[in-house]
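Below: the structure, in structure tokens.
The values are calculated or read from the model by the stated rules, or taken from the named source; none is laboratory data. All values reported here derive from a predicted model rather than from experimental measurement. Glycine also receives a Cβ, built like all others from the backbone with ideal geometry; neighbour counts cover every protein chain displayed. What goes into the accessible areas is simple: the full protein's heavy atoms, side chains included, and nothing from ligands, DNA or RNA. Shrake-Rupley method; radii C 1.70, N 1.55, O 1.52, S 1.80 Å.
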Amino acid sequence: VANGWYVVIAGRFDLRSPELEQLIRLEVELHRAVEDAVLAAANGQRPETMGLRWSVEKIGDRPAGKLAADAKLLEQLRTVDRHLGIRTELRVASTDANIPLSIGVPAVSLGAGGTAGGIHTHAEWYDARGRESALKRILLLVLAAAG
């Protein structure tokens, strides 16, 4: 506080993990880091005497979860991929599968084919060439899962 003015410093942090315990640990570490920064700025004085306050506000919740290595859905995906001559690549990512996975429902997120770049930027692009094999993959997996 200086002459009745307040300085507000804001930041956004996107914490992601397939493990709930890891997300909780990351959130605790973020709180500690912000508190340490406020205390350091107070130069050893109590933050209240300098008008320094801090808070961390959760603006979203991306639940943690992962597909079991022996899940039937994963076995079906591997079977479909062998049929199509595709090498199954497992990756951990934040996708629409997070919510069902977080409540114990098997789920996967598959690309729709083609190629892309510049993800999550203003320069993001997509080329649909080669999309047919990905669409076949999705259809065959849906049919396999439906029995």
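Annotations
- One residue alone among 81, 70, 61 is under 23 Å from residue 27 (Cα atoms) and of a type outside the set (S, T, N, Q), and that residue is 61.
- As a summary of the residue check, residue 99 satisfies the conditions (1) closer than 28 Å to residue 13 by Cα; (2) out of contact with any Pro (no Cβ under 9 Å at 6 or more places or on another chain); (3) among the β-branched types (Val, Ile, Thr) except for the one numbered (2).
- So residue 102, is it surrounded by 14 or more Cβ atoms within 10 Å (Cβ to Cβ) and at pLDDT below 95: yes
- Summed over region 113-132, residues that are surrounded by 12 or more Cβ atoms within 10 Å (Cβ to Cβ) and over 24 Å from the mean Cα position of the chain (by Cα) total 2.
- Only one entry of 23, 73 meets the criterion of being open to solvent by less than 60 Å² (accessible area, probe 1.4 Å), in contact with a Leu (Cβ under 9 Å, 6 or more places away or on another chain) and modelled with pLDDT of 90 or more, and that entry is 73.
- Looking only at region 26-54, and only at residues there that are modelled with pLDDT of 80 or more and acidic (Asp, Glu), the one that is nearest to the chain's Cα centre (by Cα): 27
- Qualifying residue in region 73-83 (condition: free of Cβ contacts under 8 Å to residues at least 12 places away in the same chain and outside any helix (DSSP H, G or I)): no
- Qualifying positions in region 26-40 - surrounded by 11 or more Cβ atoms within 10 Å (Cβ to Cβ) and of a type in the set (Gly, Ala, Ser): 33, 37
- The single residue among 78, 87, 62 that is touching a Leu at 6+ places or on another chain (Cβ under 9 Å) and open to solvent by 60 Å² or more (accessible area, probe 1.4 Å) turns out to be 62.
- Figure legend. Inter-residue proximity from region 124-146: first residues among the β-branched types (Val, Ile, Thr), second residues surrounded by 11 or more Cβ atoms within 10 Å (Cβ to Cβ), beta-carbon distance below 8 Å, spacing 6+ or different chains. Indicated pairs: 138/110; 138/112.
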